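Student: What follows is a single structure, and I will ask about it in a moment.
The values are calculated or read from the model by the stated rules, or taken from the named source; none is laboratory data. Every value quoted in this text rests on a predicted model; they were computed, and no experiment measured them. Using ideal geometry, Cβ is built from the backbone for each residue, glycine included, and neighbour counts are taken over all protein chains shown.
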Amino acid sequence: MPFYDCNENHFIENLRRILESHVKVVVNRSLIQHDDSKYGLSFIPDFEFKKYETIAKRRRTRSTVYAAKPFYDNYHRRFHMEEDVLHSGKYHSIKSLSIPYYRVDYTFSIWNDTYTHSFDVLFTPQIKLEKREIPQHAKSNNPNDILIHTLNFLPPDEKSIKLSLPKSVLVFDVKRMTRV
Amino acid sequence: MEGRRETLKLKSMPSFTSVGTIEAKLAELNFEEVSSATVVSDGRFWHKRIFENASETITVSDEVGEVIYMKDPVITILGNFETIEKIRKIA
């Protein structure tokens, strides 16, 4: 069974043509959350990196990213000191700060052909000052809670992770799609 | 509103006009931005924004990052025929 990868424009237009021919179609959608270091701060474009500029710095895209100040990554439960390497564009062995994301797959099949459109939606960073206890390895002399920048990742809005389709399209949520 | 949604049509098109022009047209048609996210598709980063009015939904995906070719925002419409035609004229 052949699979055809489509971008958003191709996928929607193919679907539209089927709908206009009054063929009933079922669209399968899978949504899986990942945090596998696929997206790190070094590779993201400036548009996205600006959201992290309070706590991170880099010279340009694909250069090494350092912590601009100490902060606590609440999502990964990790503390970062100032000048810690957060992501290296060259050395992938360096444990880096990864951006979680949703992998969204839409597919429909017709006449034994399957058309698929896949995209990743990045979680949105939320950086704010919070009172936190510094862990032992941070070598702080102050045993009390201190005010520190805290990074959280907020999942994207539901509207951003789904395609808007007419009511006549049946959308089935599935756990996983297997390509044969 | 559910009944109106039944008659909505689907259309997706690349646009050769600027996002600013598209936004202005959407504001004129009483669409409001309700959500946005950074999306990665085809190895490219997109700023995806969703606009809605009473019953219609329009998604505008604009590529972000360093590109050497001309950007072409993708507009996807779930709307009535008139809205699709108005957007098509400026795209």
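Student: Can you tell me which residue within region B:15-44, out of those that are at the interface with another protein chain (Cβ under 8 Å from one of its Cβ atoms) and modelled with pLDDT under 95, is nearest to A:Pro100 (Cα to Cα)? Full working, then the answer.
Tutor: Residues of region B:15-44 at the interface with another protein chain (Cβ under 8 Å from one of its Cβ atoms): B:34-42.
Subsequent filtering for residues that are modelled with pLDDT under 95 retains B:41-42.
On the way: B:Ser41: 15, B:Asp42: 18 Å.
The selected residue is B:Ser41.
Student: If the requirement is being crowded, with 21+ Cβ neighbours inside 10 Å and either modelled with pLDDT of 95 or more or more than 8 Å from chain A (Cβ to nearest Cβ) (or both), which of these qualifies: B:Ile68, B:Ile58, B:Ile90?
Tutor: The unique qualifying residue is B:Ile58.
Student: Let me ask you something else. Could you list, ordered by first residue, the pairs with Cβ atoms under 7 Å in which the first is in region A:122-151 and on the phi > 0 side of the Ramachandran plot and the second is at pLDDT 60 or above, at least 6 apart or interchain?
Tutor: Taking only residues 6 or more apart or on different chains, not a single pair turns up.
Student: Please state which of the following conditions A:Tyr115 fails to meet, knowing it meets all the rest: (1) within 27 Å of A:Asp145 (Cα to Cα); (2) out of contact with any Ser or Thr (no Cβ under 6 Å at 6 or more places or on another chain).
Tutor: All conditions pass for A:Tyr115, except number (1).
Student: I'd like to verify a number: residues in region B:40-87 that are under 14 Å from the mean Cα position of the chain (by Cα) and within 21 Å of A:Arg62 (Cα to Cα), how many?
Tutor: 3
Student: Then there is this: Of the numbered conditions (1) touching a strand residue (DSSP E or B) at 6+ places or on another chain (Cβ under 8 Å); (2) modelled with pLDDT under 95; (3) more than 10 Å from chain B (Cβ to nearest Cβ); (4) surrounded by fewer than 19 Cβ atoms within 10 Å (Cβ to Cβ), A:Ser42 satisfies every one except a single condition; which is it?
Tutor: (4)
Student: Considering region A:149-180 alone, what residues qualify as being away from chain B (no Cβ under 13 Å) and under 30 Å from A:Met81 (Cβ atoms)?
Tutor: A:His149, A:Thr150, A:Leu151, A:Asn152
Student: Can you find a residue in region A:61-73 that is in contact with a strand residue (DSSP E or B) (Cβ under 7 Å, 6 or more places away or on another chain), assigned to a loop (DSSP other than H, G, I, E, B) and within 18 Å of A:Leu163 (Cα to Cα)? Let's see the steps before the verdict.
Tutor: So the first thing to find is which residues in region A:61-73 are in contact with a strand residue (DSSP E or B) (Cβ under 7 Å, 6 or more places away or on another chain), and the list is A:64-73.
Subset that is assigned to a loop (DSSP other than H, G, I, E, B): A:64, A:68-70.
Within this subset, residues satisfying the condition of being within 18 Å of A:Leu163 (Cα to Cα) are none.
Checked against the condition, which is being in contact with a strand residue (DSSP E or B) (Cβ under 7 Å, 6 or more places away or on another chain), assigned to a loop (DSSP other than H, G, I, E, B) and within 18 Å of A:Leu163 (Cα to Cα), region A:61-73 yields no hits at all.
Student: Looking at B:Leu8, B:Leu78 in this structure, which one is at the interface with chain A (Cβ under 9 Å from one of its Cβ atoms) and farther than 24 Å from A:Val121 by Cα? Steps first, please.
Tutor: Details: B:Leu78 fails: farther than 24 Å from A:Val121 by Cα.
The match here is B:Leu8.
Student: Still on this model: Could you list all residues from region A:19-35 that are within 13 Å of another protein chain (Cβ to nearest Cβ) and within 16 Å of A:Tyr75 (Cβ to Cβ)?
Tutor: A:His34
Student: Now for a separate question. What do you reckon, is B:Thr83 out of contact with any Gly (no Cβ under 6 Å at 6 or more places or on another chain), more than 24 Å from A:Pro156 (Cβ to Cβ) and not in a helix (DSSP H, G or I)?
Tutor: Values: out of contact with any Gly (no Cβ under 6 Å at 6 or more places or on another chain): yes; more than 24 Å from A:Pro156 (Cβ to Cβ): yes; not in a helix (DSSP H, G or I): no.
Taking the combined requirement at face value, the residue does not satisfy it.
Student: What's the number of the condition A:Arg16 fails, among (1) at the interface with another protein chain (Cβ under 9 Å from one of its Cβ atoms); (2) touching a residue at least 24 places away in the same chain (Cβ under 8 Å)?
Tutor: With (1) at the interface with another protein chain (Cβ under 9 Å from one of its Cβ atoms); (2) touching a residue at least 24 places away in the same chain (Cβ under 8 Å) applied to A:Arg16, the lone miss is (2).
Student: Sticking with this one: Inside region A:150-180, can you point out the residues that are of a type in the set (Gly, Ala, Ser), under 23 Å from A:Leu122 (Cβ atoms) and out of contact with any Leu (no Cβ under 6 Å at 6 or more places or on another chain)? Before the answer, list the steps.
Tutor: Let us first name the residues in region A:150-180 that are of a type in the set (Gly, Ala, Ser), namely A:160, A:164, A:168.
In the following step, the residues that additionally are under 23 Å from A:Leu122 (Cβ atoms) were identified as A:160, A:164.
Of everything in region A:150-180, just one residue is of a type in the set (Gly, Ala, Ser), under 23 Å from A:Leu122 (Cβ atoms) and out of contact with any Leu (no Cβ under 6 Å at 6 or more places or on another chain), namely A:Ser160.
Student: Considering B:Glu33, B:Glu63, which residue is closer than 30 Å to A:Lys38 by Cβ and exposed (fewer than 15 other Cβ atoms within 10 Å of the Cβ)?
Tutor: Working: B:Glu63 fails: exposed (fewer than 15 other Cβ atoms within 10 Å of the Cβ).
Result of the check over B:Glu33, B:Glu63: B:Glu33.
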